[in-house]
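Accompanying notes for the structure given below.
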Amino acid sequence: MNFDFDSNQKSLQSEMRRFLEQRSPVSEVRTVLDGKRPFQESLWSELGEMGYTGVAIDECYGGTGLGYLELCLISEELGRTLAAVPYSSTVYIFAEALKEAGTEEQKQKWLPKIAKAQTVACFALEEGAGSTPLQKIKTRYADGAISGVKKPVVDGQIADVALVVARDDETENKCSLFIVDLTDETRFERTQYKSLDPTRSLASLNFKMAPADRLGVPGSAEILLSCILDRAAVFAAFEQIGGAEKALWMARDYSLERFAFGRPIGSFQAIQHMMADMYAATVLARSNAYYGVWALATQSDDLGLAAANARVSATQSYQLCARDAIHIHGGMGFTWEFDCHLHYRRSNFLAVQYGSLSQWEDRLVRQLCASDGVEID
């Protein structure tokens, strides 16, 4: 595979970077971190006005119709600046679910709102600490309504609509995906949770016979989730790469400015080796992410393998870079005033947003064995 982004796509990325440097400086991110705002509402609106939330949505639904390559580059820049917007829940998950399985009526209702950033979505899968397999889902759909508790839900505190995984009474105890409008708060309760990364909100959603609209055919949750999460893994990998590279350059710049024993600490071998490991991890992650977006853009049969590969390497890279950036900054790296902890928080948050690292490692092993014709239990 010989893959790279073309000049137009790189120009879009450069423009996105300049836009975010102006509209999402770290001071703005910190207003959300400090609890002064739930998220960067003005930035979210501007992303919609600029067409950045609709890059992978067809023009007939109000998007720009560019594609997944452009979406990945935008994701990378959002990760680089730690933008405090519900982009992943709304664009990576909800929009892709609609595109994959939505009826024309559902697409006409929701996709234009996503393309213009006029709605915020959340993905309600888990039902407690740790991962909740589909076999243990307790939330139920019956008589056109959803009942049950979903927690934790990323962006659940600010969402207008939820994509909910629930056991479908119209099937043989299988799960389906449902769209639940969250504007009527008489049919559910929100409870906000404390988050490791306060720029990404968490909440529980307690549904009490909330009207729901099925997405896709009954009992199709397993197939749809596999497809949607593979795509989200690739998008998130680029977001993680953006954050990892930013953490690396923060460490590099500090190592040239901070002097010890009359020399910049970047001249010490221990620091050099640490940053070399960080750099190698980001290069490996980028290579695997490129494989992932190539598989996604070409609709390759390798997508499952490529997505797991990208997810694992990008998660490891971001966590390594965010952690070692703190170490290179020394005692100052552990203070609230320095920005190192922002990337440390985000790296660990993203590491579990679409399933834990160990789950994706298991998925990678299964994909590798399947590609070699090896059966595992």
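Brief remarks on what is shown
- Residues in the stretch 80-94 that are out of contact with any strand residue (DSSP E or B) (no Cβ under 8 Å at 6 or more places or on another chain) and either assigned to a helix (DSSP H, G or I) or at pLDDT below 95 (or both): 5 in all.
- Once the stretch 322-377 is narrowed to residues that are among the hydroxyl-bearing types (Ser, Thr, Tyr) and closer than 20 Å to Glu239 by Cα, the residue that is surrounded by the most Cβ atoms within 10 Å (Cβ to Cβ) is Ser347.
Rundown of residues vs (1) in contact (Cβ under 8 Å) with a residue 12 or more places away in the chain; (2) over 26 Å from Val55 (Cβ atoms); (3) aliphatic (A, V, I, L, M); (4) outside the structural domain of Leu71 (by TED's automatic domain parsing), yes/no style:
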residue	(1), (2), (3), (4)
Gly266	yes, yes, no, yes
Met278	yes, yes, yes, yes
Ala285	yes, no, yes, yes
Gly292	yes, no, no, yes
Ser300	no, no, no, yes
Ala308	yes, no, yes, yes
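- All positions within the stretch 116-146 that are closer than 23 Å to Lys174 by Cβ and β-branched (Val, Ile, Thr): Thr132, Ile137, Thr139, Ile146
- Which numbered condition Gly35 fails, given (1) within 20 Å of the chain's Cα centre (by Cα); (2) in contact (Cβ under 8 Å) with a residue 60 or more places away in the chain: (1)
- Applying the condition of being among the small types (Gly, Ala, Ser) and in a loop (DSSP other than H, G, I, E, B) to the stretch 338-377 and asking which residue is farthest from Lys246 (Cα to Cα) yields Gly373.
- Total residues in the stretch 95-107 satisfying the condition of being assigned to a helix (DSSP H, G or I) and without any contact (Cβ under 8 Å) to a residue 12 or more places away in the chain: the figure is 2.
- Candidates Ser176, Ser147 - the one that is touching a Lys or Arg at 6+ places or on another chain (Cβ under 8 Å), surrounded by 24 or more Cβ atoms within 10 Å (Cβ to Cβ) and assigned by TED's automatic domain parsing to the domain that holds Phe207: Ser176
- All conditions but one from (1) farther than 22 Å from Leu73 by Cβ; (2) surrounded by 22 or more Cβ atoms within 10 Å (Cβ to Cβ) apply to Gly292; the one that does not is (1).
- Here the stretch 310-331 is the region considered, the condition is being touching a residue at least 24 places away in the same chain (Cβ under 8 Å) and of a type in the set (A, V, I, L, M), and the residue that is nearest to Asp277 (Cα to Cα) is Leu320.
- Looking across the stretch 216-248 at every residue that is of a type outside the set (A, V, I, L, M, F, W, C) and outside any helix (DSSP H, G or I), the one that is surrounded by the most Cβ atoms within 10 Å (Cβ to Cβ) is identified as Ser220.
Condition check ((1) assigned to a strand (DSSP E or B); (2) in contact (Cβ under 8 Å) with a residue 60 or more places away in the chain; (3) under 10 Å from Ala212 (Cβ atoms)) across all residues:
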{"site": "Ile146", "(1), (2), (3)": "yes, yes, yes"}
{"site": "Val149", "(1), (2), (3)": "yes, no, no"}
{"site": "Ala166", "(1), (2), (3)": "yes, no, yes"}
{"site": "Glu170", "(1), (2), (3)": "no, no, no"}
{"site": "Asn173", "(1), (2), (3)": "no, no, no"}
{"site": "Ile179", "(1), (2), (3)": "yes, yes, yes"}
{"site": "Asp184", "(1), (2), (3)": "no, no, no"}
{"site": "Gln192", "(1), (2), (3)": "yes, no, no"}
{"site": "Pro198", "(1), (2), (3)": "no, yes, no"}
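- Output for the stretch 95-128, where each listed residue is of a type in the set (Val, Ile, Thr) and surrounded by fewer than 24 Cβ atoms within 10 Å (Cβ to Cβ): Thr103, Thr119
The values are calculated or read from the model by the stated rules, or taken from the named source; none is laboratory data. Since this is a predicted model, take the numbers as computed values, not measurements. For neighbour counting, all protein chains shown are included, and Cβ atoms are generated from backbone atoms with ideal geometry for every residue, glycine included.
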